[in-house]
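Heads up, the thing below is written out as structure tokens.
We did not get these values from a lab; they are worked out from the coordinates using the rules stated. Predicted model, so just to flag it, every value in this text is computed and none were measured.
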Amino acid sequence: MKKIIALLLALAMIFAFAACKGKDDNKDTTADSTQGAGADVQDTQAGGEDTTAAEAPSGDSTAAPSEGGSEAATQGQQGGTQGSADINAPVNGSKADIVAFFNKYATAMKQYKGKVTVKRVQGTTSKINSLDPNKILGVDLVAKAEPLLPNDYPKTATQTFNGGKAADGTTLASFLPASKRAAYNVNPAGVKSASCVKQGNGWKVSITLVVESGEGLTFVPTHHGSCFDTLSLTPDDFKPFNPKSTKVTYQSGTFTFVLRADGTLASISVSEPANVVCRLTFGNSNVGIDADFTGTWKQDFTFTY
């Protein structure tokens, strides 16, 4: 989700460029300014996989693992001796039963202590919905902003964990979605739809959350924050501009996993779209730009035991 912050900064740089253009219309200067904006965005986006994890939202990182989650983790660590008959999957069950099943087995993966290799493919796809004004002094802001959009999906990383840790110290819990959480605790009240179906020798479980919107930089969505990484914005992210207003809408993120017959996960797939509407101004003036854009955070995990 850090890439959404990068886009805000890109828009700020474009606005600054457009304002400066009124003072100097030299074409060479224009080219240099555009390069500068791109360079700043790349710096903002730097940090790779660990940076993404560090920016996860203010979820309860000390959340106590559920008893069911611990039991499921133990089952999965028995090296496949646990048969499907011992897993009471809520196929075509109620939303509450499916969510409880989701919490139990998704948390079990966070707590898994056996040896597992995890391939993670993640990144952001984004689009500009509108800019107002869309032109300043003849400069097409949308055309300037589109090449700077943080469309970096897919980025791939692979880690092998034993005892819940990789050789470089990365924990399995932090490598998975909701990196600061020790366990998943999704509330059925925040779930728009849930499904559990038989797939091969295992089951495919999917939950889609309700839409959550909030004003201000410190908004943390209760339900999305329980199983997803979410935005964490501060005024410093917008410097040298001032965010006069910010509204973030989490548009029904979906979390899907495939559970094997032995109680371990085969895969995880996450799609989390977020819409950001903000007004940025410069200094103490009321002159600014209204931006509306949507970024979708995507993650795909495959597990090899």
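Worth pointing out:
- Alpha carbon centroid spacing (whole Å) that separates region 128-194 from region 248-273: 14 Å
- For region 240-246, 3J(HN,Hα) computed residue by residue from phi via the Karplus equation (6.51, -1.76, 1.60; θ = phi - 60°) reads x, 9, 10, x, 7, 7, 9 Hz, glycine and proline entered as x.
- Around the amide H of Val210, modelled in the peptide plane, lie the amide H atoms of Val191, Lys192, all under 5 Å away and 5 or more residues distant in sequence or on another chain.
- In whole angstrom, region 112-176 maps to an equivalent ellipsoid with semi-axes of 43, 9, 9, each derived as √(5λ) from the alpha carbon gyration tensor and ordered largest first.
- Using the Karplus relation 6.51 cos²θ - 1.76 cosθ + 1.60 with θ = phi - 60°, the per-residue 3J(HN,Hα) values for region 285-290 come to 7, 9, 6, x, 9, 9 Hz, with x marking Gly and Pro.
- Calculated diffusion of region 176-255, Stokes-Einstein form, Kirkwood radius summed over Cα pairs, 25 °C and 0.890 mPa s, µm²/s: 170 µm²/s
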